[in-house]
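What follows is a set of notes on a single structure, which appears directly below.
Bear in mind that the values in this text are calculations on the coordinates, not laboratory data. Not measured: the values here are computed from a predicted model. Glycine gets a Cβ as well: all are built from the backbone with ideal geometry, and neighbour counts include every protein chain shown.
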Amino acid sequence: MAKLILMIALCVLPALVIASRPAANPMILQGRVYCDTCRAGFETSATSYIHGAKVKVECKDRDTQKLLYNTEGTTDSTGTYTIMVKEDHNDQLCDAVLVSSPQSDCATADPGRDRAPVILTRYNGIVSDYRTANSMGFMKDEAISGCDKILLQYQEFDD
């Protein structure tokens, strides 16, 4: 009888310990939101980063495109947002998406830079709990002066 109790304790006790553990560490998603001051469509040396911009994370079912997860975050003084994602989103399609800009003269989302795909699963070989999204941006209503010189730096030359 003692052997039976010992055997049950050895089998059940580890299962109880695993079941009582708190959930795994949440994933931390970070990215930046910028103001495209030259209306170039990408970050330049004149780019400024937006404090107080709102960003959300959306995860959709791969087959039905039904929205399954939605949470928001706000950028800090460096234009960086940090969003904690508690669940693993296995086979879902997840994106960081621009919501709004507090700058009235830089509030139009840059087409093609208004969302960034993110991988929010642990079943992909990434060991870290930190995930990084590509920068997303809003465009200034009118380009600032000096942008022509800045954009010349990015021009390709064929020699």
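Distance between the pseudo-spin-label points of T132 and H51 (7 Å out from Cα toward the beta carbon): 2.4 nm.
Within a 10 angstrom radius of the beta carbon, how do I150, I144 rank from fewest other beta carbons to most? Could the numbers behind the result be given before it?
On the way: I150 17, I144 13.
The fewest-first ordering by Cβ neighbours comes to I144, I150.
Note the full-extension length gain between N124 and T78 as 0.36 nm times their separation in residues minus their Cα-Cα distance, in nm to one decimal.
Gain on extension, N124 to T78, equals 13.6 nm.
Normalising by residue count, region 24-146 has a Cα convex hull of 108 Å³ per residue.
R0 = 30 Å: FRET efficiency of K66 with K149, Cβ-based, nearest 0.05?
After rounding, the FRET efficiency stands at 0.05.
Annotation: the residues L67, L151, sorted from fewest to most other C-beta atoms within 10 Å of their own C-beta, follow the order L67, L151.
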